[in-house]
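Here is the structure we will look at.
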Amino acid sequence: MRGLFVTATDTGVGKTALSAALLAAISAAGEPVAAHKPAVTGLDEPPQGEPPWPPDHVLLATAAGMAAEQVAPLRYGPATSPPLAAELEGERLDRELLLAAGAELTRKAEQEGTTVIVEGVGGLLSPLAEDFTVCDLAASLRLPLLIASRPGLGTINHTLLTLQSARANGLEVRAVVITPWPERPSRLEQSNGETIARLGSVEVETLARAERPDMAELARVGGTLPWQRWLSGGSALPEPAEPAL
């Protein structure tokens with residue numbers, strides 16, 4: 001299956017903006033795309049942002065030209081982890097259900113020749129069901145990772161821990177994407193990106209803030225990313241540091 005799995009260092013980091021930007025840019029280039037998010041929670045919360053942004057699965061569906069319920073088969077009101085949200089609504093999530101949805105996604109993508117962008121929930125080790133994490137889902141789908149990361153203070157530790165966990169579980173990380181990247185990054189923000197690239201031996205890219213949730217704007221910011229190279233299996237690793245004398 002041709003695609004990418006978008007995870008993050010935490011919740012609210014920018015996974016959905018990155019995923020939607022990728023979908024919009026790939027679609028604008030004339031390639032068929034599909035989006036998948038295993039579960040959406042927090043639908044009881046009011047829309048965020050100015051202008052207001054739609055719920056994650058709705059934005060991804062618009063970018064992929066799909067119905068929102070096709071993108072996220074499991075949708076819950078409470079703003080909690082998926083297992084707790086399901087429990088609060090009288091349901092139970094189990095790994096077999098999530099694996100079956102992933103298998104169906106793979107079958108359709110290969111049958112239809114679509115490029116798939118899968119967005120996780122929360123961070124890489126966030127639970128999707130009992131004894132089943134976002135990391136487990138990524139491993140089952142065998143997709144390379146993009147890690148969405150914050151630009152500010154604290155991001156180095158969070159990002160390097162996510163990288164370490166992904167690699168320890170046999171996942172291939174194509175890049176870290178820092179978002180939203182300001183027009184005039186501070187010295188701290190620039191240093192954070194440089195340090196993550198060097199200490200994590202990983203490609204680091206940046207994604208500007210999309211000013212509104214429309215496809216032209218998302219395609220504009222997504223088009224700055226080297227998604228063609230990522231999909232074809234390449235990454236641009238930083239130059240190794242000179243050894244200390």
*Can you name the strands (runs of 3 or more DSSP E) wholly within the stretch 77-182 that have at least 1 residues being more than 18 Å from Gly3 (Cβ to Cβ) and touching a Lys or Arg at 6+ places or on another chain (Cβ under 7 Å)?*
127-129, 173-181
*asked:* With the requirement that a residue be free of Cβ contacts under 8 Å to residues at least 60 places away in the same chain and acidic (Asp, Glu), what does the stretch 34-82 give you?
replied: Asp44, Glu45, Glu50, Glu69
_Checking the structure you have, find out if any residue of the stretch 91-110 is touching a Gly at 6+ places or on another chain (Cβ under 8 Å), buried (at least 17 other Cβ atoms within 10 Å of the Cβ), more than 25 Å from Thr9 (Cα to Cα) and in contact (Cβ under 8 Å) with a residue 60 or more places away in the chain._
yes
*Residues that are of a type in the set (A, V, I, L, M) and over 17 Å from the mean Cα position of the chain (by Cα), drawn from the stretch 69-95*: Leu74, Ala79, Leu84, Ala85, Ala86, Leu88, Leu93
*Output for the stretch 12-39, where each listed residue is among the aliphatic types (A, V, I, L, M), over 17 Å from Ala219 (Cβ atoms) and over 10 Å from the mean Cα position of the chain (by Cα)*: Ala39
_Set Leu84, Leu97: member being modelled with pLDDT of 95 or more and either closer than 25 Å to Cys135 by Cβ or aromatic (Phe, Trp, Tyr) (or both)_ = Leu84
*From the list Leu84, Leu43, Leu59, which one is touching a Leu at 6+ places or on another chain (Cβ under 9 Å) and either more than 23 Å from Gly113 (Cβ to Cβ) or not polar (S, T, N, Q) (or both)?*
Leu59
*Hey, can you tell me all the residues within the stretch 111-144 that are without any contact (Cβ under 8 Å) to a residue 24 or more places away in the chain and of a type outside the set (Ser, Thr, Tyr)?*
Gln111
*Do you know which residues across the stretch 80-126 are of a type in the set (A, V, I, L, M) and touching a helix residue (DSSP H, G or I) at 6+ places or on another chain (Cβ under 8 Å)?*
Leu93, Leu98, Leu99, Leu105, Val116, Ile117, Val118, Val121, Leu124, Leu125
*Collect the residues in the stretch 197-224 that are touching a strand residue (DSSP E or B) at 6+ places or on another chain (Cβ under 6 Å), at pLDDT 95 or above and not in a helix (DSSP H, G or I), keeping them in residue-number order.*
Val202, Glu203, Val204, Glu205, Thr206, Leu207, Ala208
*Taking into account only those residues within the stretch 8-26 that are in contact with a Ser or Thr (Cβ under 9 Å, 6 or more places away or on another chain) and among the polar types (S, T, N, Q), which is surrounded by the fewest Cβ atoms within 10 Å (Cβ to Cβ)?*
Thr11
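The values are calculated or read from the model by the stated rules, or taken from the named source; none is laboratory data. Since we're looking at a predicted model, the values are computed, not measured. So basically every Cβ, Gly included, is an ideal-geometry build from the backbone, and we count neighbours across all protein chains shown.
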